[in-house]
Amino acid sequence: MARFHSLMGAAGLAFVLATPPLHAQDNGFIPLPPDQDGSPVISEAEIDRLNSDRVEAERHRGNFVEDLAVDPSIVSPLRPVAARGRPAGSAIRFDGERRTLDFALFIPRPEEVRAMRVSTMSSINVLPERSHYRVYVNGAMVGEGRLENFTGFGTLDFPLDGAQLRSGQNDVRIELVQYHRIYCGPEASFALWSDIDLANSGAVLASAEGISGQEGFMMGLAAAAATGAGIEIRGAAGLGAQREAWVSDITQRISGALGGDPIPFRFTEYWSVQSNARSAARITFLPSAANRVSFRVAGDGAQVMVVEFVPGEPPRALPEFDTALPRLAEHAQPTLIGTERPVPFSDFGFETTEIYDHYTRIDTRFRLPDDYVVLTNEKAEIALDYIFVPNLPEGSELLLHINDTNVRLLPLWRGGGELIEQFPVRFEARFLRAGINTLSFEVLIPGNPPDLPCAFNDTPILGLGEDSTLTVPFSPSMYLPDMQIAFAGLTPASVVTNDMSQRAFDADDVVTLRAALTAGARPEAAALNTQLHLLALDDLGTVPMGGYQLNRQAIDAALMPDTTITDFAPQTAPEHALLRFRDQTEQNTALLSRGWEWLQQGFWRTLEWLQPRSGLHLQTWLAEQDAQAILIQLDPARPNQLWMVRAPGSDVSAIASGIVAARTNAEGPRGQVSVLDRDGNWQSWIAPDRQPVLLESLSLTNIRHVTGNIVSAMPIRYVAGLFFLALVSALFALRLVIATREHKE
């Protein structure tokens, strides 16, 4: 509340709106495996000599082998902590007027760090005189730079003292403030963006010499993620029957240690010449007399984790993994809140927030029980604490959204300067749903004037209080068929393949998906026993439809939108006079047939109106999608089963990134069919005829709510039933009246 008072004070003031990245050369030089009798691995000096001989041999054959850069400095790149929903890539975008993002920075030796480098490129709409960014390392600001690179990436180094760093993971925060060159307002805010080149942004180390060990390998992983090259896995074929167990265990530990978007994995042979996909990090499996892990640097500069294994022995005999690849602290699932009582925003992580921009959207998430269902007109209520400065331009407004549905618009151009406490905002509780929900605040402040650059502003426009409350009405324990419960419970063990899966998902794809599912699982995920079946397009017949209609043509239309299906051209009527009589007879028959078809279609349309079945609705919806993957869950009798198909040629890393990002927000798959589009967003289709299922005993305390939910799920059906009963009752009453009058006469 003290921050509110400072904002009130501000409201009285005059307020006017108006070195190259690490590219490890992949020449294929790795330590030689030991003999099968279990003799020790050869020494590092011998490895260096063998790799040097290999380099000379490849040059003699005419193969290109790149030398190490003349500049010995190297950049340990930044790694985004949160998943972005897009595959690994070199740039990350900041958009809007103000934006803050967090990164992980892996440092092998803090004393070797000489600077913090940031490489940026901005939209031409950004005004460089006012636009800037600030860099914080472990909570301390290390520098501030201007956003003035518009035609290409430009770098800026900030001096960095090793005392500010720690060996291993460091926390980096970058805050951007951007102003438009010409305009001011929400539309101008949408045109502002700046990209940061992750591969060339991070800690500048004085030399790459001697960088190895666990921290060096983590630095290599971050470089592999920033460049999109992925992680190379060698020697997996020698694992034999234990291949899946070893590879799954290690890739999942790497994903858990690195966080962010998933990294693709690719399998190669022990020895190979240079390829275009160069590796900054590599995993090499070597048979040995004991299971152990060590870290080395290959001849091409790649950071290598050497995993020695006893042939036939499972990975559980490798306890040092717990210290070699420690897991990052995972983002906690949104808080589960109670019902029938006011819940302060602070209970589910919302803190008092001050807003400075002309366009801002703030999303805060909370969770309701999985058996929460309210389909009636019951009301939920938000009691909002907020304050805004006076004399805002006309049209300024604050919009409240529940799961992207607007529930209230609050004007901000009248009054202002006083704290408004516990302002009631009532909305229909049916907008809430089981699982994760999103409460959003959207602020739009027009420019004043809109056709001139915004005046410099360091005063908050609006404040939202953490003491605001949310009250959710009672719900009986009911289940409404929805894939979100199964999706939230996915784990690496959930991925299931069959004999036909390999037509669409190879071994690398399965490894990438299982590694991606390491993060974001709910604590009770194991109890759900969720299964994700990977399907080929030719195997759609194995998907249980649960009474719905879904054919191969509809799936093809979504996964391959460029494929057009043409109808046969109608044949022209014959012109010979001898055939006219037959044609006339056929026309009469066709006319009667069309009349019968019209009656049939009318009958089925009436039934569809009374009780919508979703076959045609689903197929029409799919035809409008541009999907790279589709999740299907049509059978309500199998709530913990999911089926997934992918588009031919789609990138499994993009699919895995979409899955990871969706597990931390409310914009993930829901309903019966969900599509991951080409932009990395989930589009969901919810069947209009799904029915809630009661999970508790019917009693006097819940019968009203249960009946209301069941009737509200399909009201027209019960209206038609009541109309039929009324009609029958009227007929009986009419007959009774007639019979009574006849008796009296």
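Bear in mind that the values in this text are calculations on the coordinates, not laboratory data. As the structure is a prediction and not an experimental result, all values here were calculated from the model. Ideal geometry is used to build each Cβ from the backbone, glycine not excepted, and the neighbour counts take in all protein chains shown.
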Hey, what D do you get for the range 182-272 in µm²/s if you plug the Kirkwood alpha-carbon radius into Stokes-Einstein at 20 °C and 1.002 mPa s? 130
Taking a ≥ b ≥ c as the square roots of the Cα gyration tensor eigenvalues, with a/c under 1.5 meaning rounded and otherwise prolate when a/b beats b/c or oblate if not, the range 434-558 comes out prolate
Below 8 Å, C-alpha to C-alpha, sequence gap of six or more: please give me the relative contact order for the range 662-708 in percent. 24
Shape call for the range 76-231 from the C-alpha gyration tensor, a ≥ b ≥ c root eigenvalues: rounded (a/c under 1.5), prolate (a/b greater than b/c) or oblate? prolate
Descending packing, highest mean Cβ count within 10 Å first, for 393-399, 697-703 is 393-399, 697-703
Counting other Cβ atoms within 10 Å, which GluC sites (Glu not before Pro) in the range 159-212 have at most 16 and lie in a DSSP loop? GLU209
Given unit charges at Cβ for Lys, Arg (+) and Asp, Glu (-), the dipole magnitude of the range 94-201 about its Cα centre in debye, nearest 20, is 100
